[in-house]
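Engineer: Questions regarding the structure given below will be posed in turn.
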C-alpha cells in the first residue's frame, strides 16, 4: 500500500508553478509588492487578524505536486479498482452516455458558473433548467418539477416533509413498502427526524404492493404512501391504478419513486393518482459514479408554494423578450431561513444539464425503446439463469425492469465472491438470494456471464 | 476600462432568444409491440427529438448566453468563485472512476483509497479527528452536523432540555434552515457594534437548552472572531457544541484551523475552498469533520483501513445516512486532486493571496467599507444607491457583481470576495467597474443591464404568474 501522502512517481517532473505557492494564483513578486503598498502593509501576514493562540503553522504534511504527478498517481490508484463487469443496480443504473453529453456539459460557461442570482447574464443555464423541469414534468405526468434534488433518497425525504407541510390528512405516518432500500429509508428517517412524522413498513407479496394489504394498513394515521415503480428489486408494480384510488379515497398522499427511463414506458404516475413523484434522473447523463446522481422532485400544481429547492420560471425582460429566472424564491433558505421549505442551496444543476442533453439526444422514440429493452433483457437473462442447476430466476413472478432476484442453492456470498473472480459483480441479498441487473451497457457480456454463473454453481 | 457584450441569439418565433427545445421539435411517440402488456404501460410521451448537430448548436448557443468564472471575475461574497483547474475533469472522466456503489469493497479499492486519503487530508486541514464525505452539499453537511450534535446530546441523556440552536443574525440562511429541519428552535444572536459576536449577549443566550452554536469564522463581514476561544468556552461550559460553517475557510487555509479554535463539528464546502466547479448551482460536496468524541456518530459507512485493505464500516452510534450512497464521488475525486496538487505551500499561499486580493480591491474601490479588518471578503456599501441596481450595472462592464443586500448589518451591502485567482490587472478592472457605477446616477443604473443577453427581468411577473415549463407556456 502506498503511503497516502507520498508522491513517488520517479518520472514526475517538478513543476515551477508550485514554487510560487498556489499555481492558481496569478501574482508575481512585483504584483504582491504593489498591492501591499496600496493597502499600506509590508507583509501579507499583517492582513490576518488572528490571535497568536489559535495560529497554525501551515504544516498539514501534504506535499505539493506537479499536475503530471497528481495525474499519474491518481490514475494508478483508480487503476486498482478491479476491472469487473457490473451486473449491479438497486437504484443505481448505467446506460450508455453519448460523447456529446461530456462535450457540451464541460463547456466552461456552463460548468464554471454559479447559481443564477443574476439572471440577465445567466440565460443559458436558466433555459437549460427550465427545459429540464419541462422534461421531468412530461415524464412524471406532474404539473410542476423543480430543477433537482441531490438524489432519489433525499428527494423522498423532501417528499415526506412536503406532505407534512401541505397537511391534506391529519396523520403523521409515512407508509413505505418493505422493498425500500435500507439506505433510502435511513435518509428518510434523518429528513423526518425534526418532524413528528414516523415511518411504518408495508409488507408486500411477490415483490409488489397488494391493494388488499394496503387497504388494511391505511388508517387515519397515514399521511403519505410511497411506492416504487420499478421497485428496488426490478419488479414492475401491477396494481398502481387501484393503489392510486385507494390512497386518494383515504385522503392520504401518494408518492411514487421511479426514474426517467422507466417513466417513458411504464404507467404515467399523473394518470393513476400520484401526488408527488421522486426518483433518479441520473439514469440519463451519468454512468454509475459511486452513487452520485440527481434526484427528481415533481408534484401537483397546488403544492407549488411548498416545493423544496430551486424553480426556474419564464418572464419578460424590459425589452419584452421572453426570459428565464429563478422564481418563487421566498420558499428558500436564503430568504425564509428557518421557515424555508428545505435547507437545500447547492443542488445538482450540472447533472440536470447532462440529463437534458441525453434525453433530447434519445428523443421520445429512443428513450421509450431503451425502456422497452430494459423489460426484455431481464426476462431473457432470468430465463437463461433459470436453466442452470440449483438456480431459480426470477424469484418474483412478475414483469421486470432492468433487474430481478435470483435464488441459488449455494451460499450466496460464495457465489458473489466466485463471480468476482470470474470478472462479474452482482448483488448479494441474503443467504440464498442474489440480484442481477442488465442494461445495454453489459448486454454484450450476457453469454459470458451465464457461462461463468453456470461454472460457479457446479 | 473593460467593456463587454454578451452573445445573444434572437429568434422571433420564440418571442425571445434561442428557441426552447420544444419549439425546435416536439414528437409524440406511442410505442407498439412492447414487451409489457398495455395495462402496465403509458400511452406515449411527447418530447423534443433533435439530431446531434442540432443538439450541439442548441447547447453551444445557450452556453454563449451564460457567464462563468472562465469568462471573467465572479466576486460573489461567501461563494468563493475561484478558478477550477481543468485537469481534475480529466480524472473524473476516467472509466476507472466509474464504479457502482454496491461493488464489494475488495473490488473498489482505488475509489476507497481516495475516500480514505481525502478523509485524512480534510481532517488535517480542519484540525478535526474524523471526517465523513457523504453530505452532497454544504447545507446537507450542516444538517448532518446538527444531527450529530443531536445524537451526542441524546447519547448523554440531555436531548430533552437541549432544543435550541444559536445562530448569529448575519449567518448564511442555510444555518437556520438546517437547524430547523433537525427539529431545533432557533435563537438568533445579534452582532455587537464591531460586527462580531458579543460575549455578553452570547453568555445570556446560552444555557441548559443550548444544543449548539453555529458560527462561521471569518464571519460574513470577513472579520475574524477574535474572541473565538472565549466563545468556545462559553458554549462548552453551558454543555453545548460549537459548529463551524466552512463557507469562509478559504480565508484561513494554513493559518488557523477550526479544530484548534475549539470547534467540535465543521463542514467543508469543497466547491468553494477546494475549487471544484459550481456547475451552475451544483453538484458540490459538504464533508463533515468532528473531534474525537463525536466520531462514533458519523454517518455510515465510513472508510477505514485494515492492514493492506480499505474497508467500509458503520460507526457504533451512527446517525445513519444523509445520502443514498457515498455522496458526490466525482466532486470528491476532484477535491482530492486539487489538495494534492497544492499541498501545504499552495494551500497556505491560497489564503495569503485571497486576503491580499480582497484588501487590494477594497483599497481601489471608492465605496465605504464599514467593517474592518476583513479577510477574504469585504462588505462595501452602495450607500444611497440600490445595491441590486448597482449590481445590474456592473454586468455591463463584463464582470459579475458581488452578493447584494446581505448581510443586512451594512446598508445596501455589496459583499465582495475576489478569491486568490484574480490578477492585479483584473482587480483593477473590477475596481474600475465599481467606481464607474458609483459615478453614475440611479436613473442610469436602474435601466441596466444593457450588454447582457437579457435586459432587466421582471421578477414580480415570474413569481405572480408562475410559468415553470414549456407545457405551461403553450397553455
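Engineer: Kindly provide the helix-only [θ] at 222 nm of chain B, computed as the sum of -39,500 (n - 2.57) over DSSP H runs of four or more divided by all residues, to the nearest 500 deg cm²/dmol?
Structural biologist: Theoretical 222 nm ellipticity from helices: -10500 deg cm²/dmol.
Engineer: Classify segment A:99-356 as rounded, prolate or oblate, taking a ≥ b ≥ c as the square roots of the eigenvalues of its Cα gyration tensor: rounded when a/c is under 1.5, otherwise prolate if a/b is larger than b/c and oblate if not.
Structural biologist: Note, shape of segment A:99-356 comes out prolate.
Engineer: Set the Förster radius R0 to 41 Å, insert the Cβ-Cβ distance between residue B:308 and residue A:33 as r into 1/(1 + (r/R0)^6), and round the FRET efficiency to 0.05.
Structural biologist: Efficiency computed from Cβ-Cβ geometry: 0.20.
Engineer: Need one number for the protein assembly as shown: average projected area of the convex hull over its C-alpha atoms, nm².
Structural biologist: 35.7 nm²
Engineer: I've got another one for you. Using the count of nearby Cβ atoms within 10 Å as a rough guide to exposure, how do A:85, B:132, B:27 rank from fewest to most? Could you put the intermediate results ahead of the total?
Structural biologist: Working: A:85 18, B:132 33, B:27 14.
Fewest-to-most Cβ neighbours within 10 Å comes out as B:27, A:85, B:132.
Engineer: I want to check the label-to-label distance for residue B:1 and residue B:155. Put each point 7 Å from Cα in the C-beta direction and report it in nm to one decimal.
Structural biologist: The answer from the label model is 6.1 nm.
Engineer: Counting pairs of alpha carbon atoms under 8 Å apart in space and at least six apart in sequence, what relative contact order in percent does chain A give?
Structural biologist: Relative CO of chain A lands at 18 percent.
Engineer: A follow-up question, please. Pairs of Cα atoms under 8 Å, at least six residues apart: use those to get the relative contact order of segment B:1-148, whole percent.
Structural biologist: Relative CO of segment B:1-148 lands at 13 percent.
Engineer: Report the extension gain between residue A:335 and residue A:305 in nm, rounded to one decimal, defined as 0.36 nm multiplied by the number of residues separating them, less their alpha carbon distance. It would help to have the intermediate numbers written out before the result.
Structural biologist: Values: separation 30, 0.36 × 30 = 10.80 nm, distance 1.38 nm.
Between residue A:335 and residue A:305, full extension yields 9.4 nm more.
Engineer: If you don't mind, another one. For A:56, B:224, A:297, what ranking results if the residue with the fewest other Cβ atoms within 10 Å of its Cβ goes first? Display every interim value, and only then the final one.
Structural biologist: Values: A:56 19, B:224 24, A:297 32.
The fewest-first ordering by Cβ neighbours comes to A:56, B:224, A:297.
Engineer: May I ask you to sort B:111, A:341 by Cβ crowding, counting other Cβ atoms within 10 Å and putting the fewest first?
Structural biologist: Ascending Cβ contact count within 10 Å gives the list A:341, B:111.
Engineer: For segment B:413-475 and segment B:42-91, compute the distance between their C-alpha centroids and round to whole Å.
Structural biologist: Using only Cα atoms to place each centre, the spacing works out to 19 Å.
Engineer: Between residue B:90 and residue B:26, what is the label-to-label distance in nm when each label sits 7 Å out along the Cα-to-Cβ direction?
Structural biologist: Once both label points are built, they end up 4.5 nm from each other.
Engineer: In nm, what is the difference between 0.36 nm times the number of residues separating residue B:435 and residue B:193 and their Cα-Cα distance?
Structural biologist: Additional length available on full extension: 84.4 nm.
Engineer: Further question on the same structure: If one takes the longest principal axis of the Cα atoms in chain A, at what angle in degrees, from 0 to 90 and to the nearest 10, does the Cα axis of helix A:349-386 lie?
Structural biologist: Taking the Cα atoms of chain A, the angle to A:349-386 is about 40 degrees.
Engineer: Please state the shape class of chain B: rounded when a/c is under 1.5, otherwise prolate if a/b exceeds b/c and oblate if not, all from the C-alpha gyration tensor. Working shown, then result.
Structural biologist: On the way: a/c = 1.63, a/b = 1.11, b/c = 1.48.
It comes out oblate by the Cα gyration axes.
Engineer: Using r as the Cβ-Cβ distance of residue B:388 and residue A:410, and R0 as 51 Å, what FRET efficiency do you calculate, to the nearest 0.05? Can you show the working numbers first?
Structural biologist: Working: r = 68 Å, r/R0 = 1.33.
The computed FRET efficiency comes out at 0.15.
Engineer: Using the alpha-carbon centroid of each, what span in Å lies between segment B:92-169 and segment A:14-76?
Structural biologist: Their Cα centres are 27 Å away from one another.
Engineer: I've got another one for you. Give the shape of segment B:327-462 as rounded, prolate or oblate, defined through the alpha-carbon gyration tensor: a ≥ b ≥ c are the square roots of its eigenvalues, a/c under 1.5 means rounded, and otherwise the shape is prolate if a/b is larger than b/c and oblate if not. Mind dumping the intermediate values first?
Structural biologist: Numbers: a/c = 2.10, a/b = 1.54, b/c = 1.37.
Prolate, since a/c reaches 1.5 and a/b exceeds b/c.
Engineer: Which whole-number percent is the relative contact order of chain B (Cα, under 8 Å, 6+ apart)?
Structural biologist: Averaging sequence separation for qualifying contacts and normalising by length gives 20 percent for chain B.
Engineer: I've got another one for you. Between segment B:293-337 and segment A:367-424, what is the separation of their alpha carbon centroids in Å?
Structural biologist: Spelled out, the Cα-based centre of one part sits 30 Å from the other.
Throughout, read-outs are computed from the coordinates displayed, never taken from laboratory work. Quantities reported herein were computed from a predicted structural model and do not represent experimental measurements. Quick reminder, even Gly has a Cβ in these numbers, built from the backbone with ideal geometry, and neighbours come from all protein chains shown.
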